[in-house]
Amino acid sequence: MRKLLLTGFEPFGGENVNPSWEIARRLDGEIIGDCTVVARQLPVVWGRALDVMAALIQEAAPDLIVSLGQSGRPEITPERVGINVSDAGSADNAGVLKTDDPIDATGPVAYWSDLPIKAMVDAMRAAGVPSKVSNTAGTYLCNHVMYGTLHHLATHGLTIPAGFIHVPGLPEQAAARSKGEPTMGIETQVKGVRAALTACVAAPE
């Protein structure tokens, strides 16, 4: 049985929940095709998130890596590309701000996702879940993890397909902030991510 490493982030920005981790933990141990899902949480801390990811790759020896992160979008959005920059107006959970900082000073400008992003979108839409391809993972921790993971794999000679999916916020998060913003219920998000993972597992190697 192959292994699919699925990561989500801890809560950040004063929140007490992060949908990316809520989805991942609900899928932990699930069998999808010929893969067992191994869910693990990443810290919302520059650098530390990549150290944890590197340790997880060594520990789990996965055959496929999919990372999840929260966005403010109304759809579930597989990312096309991760770029070599960290730049954010808000600090990480350690209180650190990043401005125009390269993730790796010697790394390439960008990495393309290895995941079948259009097949993932098609699978999610077929399951009745709003989805579209995204061409920017931003410049906060989500992009940091996407680029950093792909760079780690490339520099260590590991041919493991990997990529990133952004997921919407939860209704309870929007309710707590008392302002209108896109949300999606957790069960719908789990259904969508499950469909996306199924497309990843089914993709030709």
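The values are calculated or read from the model by the stated rules, or taken from the named source; none is laboratory data. Remember, it's a predicted structure, so these values are computed and weren't measured experimentally. Here Cβ is always computed from backbone atoms with ideal geometry, including for glycine, and neighbour counts include all displayed protein chains. Side chains are part of the model used for accessible areas, which takes the heavy atoms of the whole protein and leaves out ligands, DNA and RNA. Shrake-Rupley method; radii C 1.70, N 1.55, O 1.52, S 1.80 Å.
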Checklist entry - R125 accessible area, nearest 10 Å², 1.4 Å probe? => result 140
Item to check | Positive-end extreme of charge dipole, the chain - chosen from T155, S86, I23 (charges on Cβ) | outcome: I23
Checklist entry - Near K98, which aspartates and glutamates are there with a Cα under 20 Å away, not counting those fewer than 8 places off in the same chain? => result E10, D51, D87
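If the chain between W112 and E172 were fully stretched, how many nm would it gain, using 0.36 nm times the residue separation less the Cα-Cα distance? Walk me through the numbers before you get to the answer.
Details: separation 60, 0.36 × 60 = 21.60 nm, distance 3.33 nm.
Separation in residues times 0.36 nm, less the Cα-Cα distance, equals 18.3 nm.
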Next on the checklist: With equal scatterers on the alpha carbons only and no solvent term, can you work out the Debye log10 of I(q)/I(0) for the range 65-124 at 0.17 1/Å?
Outcome noted: -0.79
Checklist entry - Between the range 44-107 and the range 109-126, what's the alpha-carbon centroid distance in Å? => result 17
Checklist entry - Under a 5 Å amide H to amide H cut-off, with H placed in plane at 1.01 Å, what residues pair with F164 once short-range neighbours are removed? => result S67, E79
Next on the checklist: Given the whole protein assembly as supplied and a 1.4 Å probe, what does the accessible area of I117 come to in Å², nearest 10?
Outcome noted: 20
Next on the checklist: Can you work out the Karplus-derived ³J(HN,Hα) for every residue in the range 158-165? Use 6.51 cos²θ - 1.76 cosθ + 1.60 with θ = phi - 60°, whole Hz, and x for glycine or proline.
Outcome noted: 9, 9, 10, x, 8, x, 9, 10
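Let me check something: with ligands and nucleic acids excluded, how do T139, T155 order by accessible area (1.4 Å probe), largest to smallest?
Details: T139 45, T155 85 Å².
These residues rank, largest area first, as T155, T139.
Among rounded, prolate and oblate, which fits the range 73-205 when a ≥ b ≥ c are the square roots of the eigenvalues of its C-alpha gyration tensor, a/c under 1.5 means rounded, and a/b larger than b/c means prolate?
On the way: a/c = 2.51, a/b = 1.12, b/c = 2.25.
Since a/c reaches 1.5 but b/c is at least a/b, the shape of the range 73-205 is classed as oblate.
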Next on the checklist: For q values of 0.09, 0.12, 0.15, 0.16 Å⁻¹, compute log₁₀ I(q)/I(0) with the Debye formula on a Cα-only model of the range 1-146, without solvent.
Outcome noted: -0.28, -0.50, -0.81, -0.93
Next on the checklist: Suppose we keep just the DSSP beta bridges with both residues in the chain; what percent of those would be antiparallel, to 5?
Outcome noted: 30
Item to check | Inter-probe distance in nm under a simple model that places probes 7 Å from Cα toward Cβ, at A202 and D51 | outcome: 4.1
Checklist outcome for this item: For the range 1-85, the Cα-Cα pair-distance distribution in 5 Å bins from 0, as whole percents, is 3, 13, 22, 25, 21, 11, 3, 0
Checklist outcome for this item: Length gained, L158-V96, 0.36 nm per residue minus C-alpha separation, equals 19.3 nm
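Taking the Cα centre of the range 24-170 as origin, work out the dipole magnitude from +1 charges on Lys and Arg Cβ and -1 charges on Asp and Glu Cβ, in debye rounded to 20.
Details: 10 positive and 15 negative charges, 78 e Å.
It works out to roughly 380 debye.
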Item to check | Residues listed by number, the range 64-103, amide nitrogen under 19 Å from R125 label point at 7 Å toward C-beta | outcome: 73-81
